[in-house]
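Only the coordinates and a few stated rules stand behind these numbers; no lab work does. Keep in mind it's a predicted model, so treat the numbers as computed, not measured. A quick note on method: Cβ atoms are made from the backbone with ideal geometry, for glycine too, and the neighbour counts reach across all protein chains shown.
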Amino acid sequence: MKDITILGIESSCDETAAAVVVNGRDVRSNIISSQIDIHRMYGGVVPEIASRKHIENIDPVVRQALETAGMTFNDIDAIAVTYGPGLVGALLVGVAHAKALAYALNKPLIGVHHIEGHISANFIQYKELEPPFICMVVSGGHTHLIKMTGYGEYEIIGKTRDDAAGEAFDKVARALELEYPGGPKIDKLAKTGDPHAIEFPRAKVENAYYDFSFSGVKSAVLNYINSCRMKGVEPDKADIAASFQNCLVDSIVTRTIAAAKEYGLSKVALAGGVAANSGLREGMKNACDKENIELYYPAPVLCTDNAAMIACAGYYEYIKGKRSGLSLNAVPNLKLGEA
């Protein structure tokens with residue numbers, strides 16, 4: 001069987017990324033140009049600045065991906081690109097570049113859902129991993145509990161009703177006056193605090209056990225900080241970070257394990273930026289070991305936005321015969337299941 005080589009392009013937020021992946025799991029290059037240092041001074045991603053930097057970076061990043069892989073455009077069988085969800089201006093840069101390449105090179109174009117990409121990062125990390133399994137997607141914009149039944153085939157079991165897990169991390173980090181990006185800073189600070197110092201609320205959604213709600217715990221943290229300062233007491237940031245992280249981890253882990261047991265699945269995977277959180281990894285590992293469940297999670301570089309995961313997802317769409325026309329457009333609010 002002929003090898004299939006996919007060029008992946010990702011530009012949904014503030015990373016301009018390109019990768020060359022062979023047969024879905026053999027990563028020949030994975031180039032990421034991050035904008036974190038630029039956006040740090042603003043305390044978060046500024047969409048207009050992100051879009052402009054993508055325009056500057058996309059061509060050099062794609063060329064570097066090919067050069068690192070030791071390939072040319074002639075070696076590429078198809079081009080996979082994130083077309084949603086994400087920041088519309090940022091997405092448009094990647095989609096436009098991919099469409100231009102597909103047209104000029106007469107290569108197939110495959111639009112990829114960003115979250116499908118995150119899930120697919122596990123296939124790169126674990127060559128032996130095959131569906132079905134339960135996947136917990138935790139990122140800045142998404143918190144989805146998913147039953148993977150096949151490649152590109154899934155059932156959404158639960159999702160957040162308000163803030164995503166990563167969004168809650170970032171908002172609490174700002175309240176604690178931690179530098180952007182907040183998630184990794186809370187994770188680091190939490191290691192020096194007591195996770196049981198403060199009992200923050202663990203919200204449950206009535207008649208929807210597998211759904212999440214993180215706005216309440218975020219508000220509880222803000223209220224706790226304000227209450228301390230009104231009493232003239234300086235809040236212990238390490239204890240707050242540890243207790244907050246413990247609350248989120250507990251909510252995520254208990255639902256994920258319950259879903260795996262209910263659906264009779266012995267494999268659980270983590271995906272998304274928050275999957276790099278050490279507290280979540282440790283909590284999920286302990287729970288999975290207790291229940292004899294195999295746990296999978298990507299290396300930190302594959303948890304963040306990258307193009308290797310997009311190329312991997314694109315490969316499985318390609319071999320199923322999916323193609324996107326040159327009318328492909330950015331869809332900033334693309335829902336999982338609409339791809």
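In table form, for the structure just shown:
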quantity: Rounded Å value of the spacing that divides the Cα centres of the stretch 250-279 and the stretch 146-179; calculated: 12 Å
quantity: Extension gain from M1 to E262, taking 0.36 nm per residue of separation minus the Cα-Cα distance; calculated: 90.1 nm
quantity: Spatially proximal lysines relative to K2 (Cα-Cα < 24 Å; intrachain offsets below 8 disregarded); calculated: K107, K127, K320, K322
quantity: Burial ranking of peptide ranges 242-251, 19-28, 185-194 (average Cβ count within 10 Å, highest at the top); calculated: 242-251, 19-28, 185-194
quantity: Bins of 10 Å, starting at 0 and running to the largest distance - Cα pair percent for the chain; calculated: 6, 26, 32, 23, 10, 2, 0, 0
quantity: Filtered chymotrypsin sites (Phe, Trp or Tyr not before Pro), the stretch 1-84: DSSP coil and at most 14 other beta carbons within 10 Å; calculated: Y42
quantity: Calculated log₁₀ intensity ratio I(q)/I(0) where the Debye formula runs over C-alpha points of the stretch 92-206, q = 0.20, 0.22 Å⁻¹; calculated: -1.17, -1.21
quantity: Separation of the D59 and K188 label points, Cα + 7 Å toward Cβ, nm; calculated: 3.6 nm
quantity: Residue pairs, from the table K53/K218; K147/K285; K159/K290; K204/K285, whose Cα atoms sit over 28 Å apart; calculated: K53/K218
quantity: Crossing angle, helix 47-69 versus the chain [Cα axis fit, 0-90 degrees, rounded to tens]; calculated: 50 degrees
quantity: Volume in Å³ per residue [convex hull over Cα atoms, computed for the stretch 1-62]; calculated: 82 Å³
quantity: Principal semi-axes in Å for the stretch 131-298 [√(5λ), Cα gyration tensor, largest first]; calculated: 29, 15, 14
quantity: Nearest 10 degrees, 0 to 90: helix 88-105 Cα axis against the chain principal axis; calculated: 20 degrees
quantity: Dipole of the chain, positive end: most advanced residue of A308, P235, M148 [Cβ charges, Cα centre]; calculated: M148
quantity: Antiparallel bridge percentage (DSSP; both residues within the chain; nearest 5); calculated: 60 percent
quantity: Within the stretch 83-162, GluC sites (Glu not before Pro) in DSSP loop having at most 15 other beta-carbon neighbours inside 10 Å; calculated: E128
quantity: Relative contact order computed over the stretch 77-164 (Cα-Cα under 8 Å; 6+ residues apart), in percent; calculated: 20 percent
quantity: Packing-based ranking, highest mean first, of 51-62, 202-213 given that Cβ atoms within 10 Å are counted; calculated: 51-62, 202-213
quantity: Computed over the stretch 1-136, Cα set: Rg, Dmax in Å; calculated: 15.1, 50
quantity: Charge dipole magnitude, Cβ of K and R +1, D and E -1 - the chain, Cα centre, debye nearest 20; calculated: 220 debye
quantity: P(r), alpha carbons of the stretch 206-339 - 5 Å bins starting at zero, rounded %; calculated: 2, 8, 12, 15, 16, 16, 12, 9, 6, 3, 1, 1, 0
quantity: DSSP-assigned coil residues among trypsin sites (Lys or Arg not before Pro) in the stretch 227-259, each with at most 10 further Cβ atoms within 10 Å; calculated: K231
quantity: Dipole axis of the chain (+1 Lys, Arg; -1 Asp, Glu on Cβ), positive-most option in Y210, I124, I38; calculated: Y210
quantity: Dipole moment magnitude, nearest 20 debye, the stretch 53-134 about Cα centre, only Lys, Arg, Asp, Glu C-beta charged; calculated: 220 debye
quantity: With Cα atoms, 0 to 90° folded angle of helix 114-125 axis to the chain main axis; calculated: 80 degrees
quantity: Net charge over other residues, Cβ less than 14 angstrom from the Cβ of S33 (K, R count +1; D, E count -1); calculated: -4
quantity: Label-to-label distance, nm, for residues given as V233 and S34 (7 Å Cα→Cβ offset); calculated: 3.6 nm
quantity: Hydrodynamic radius (Kirkwood) for the stretch 213-282, which is based on Cα pairs only, to one decimal in Å; calculated: 14.1 Å
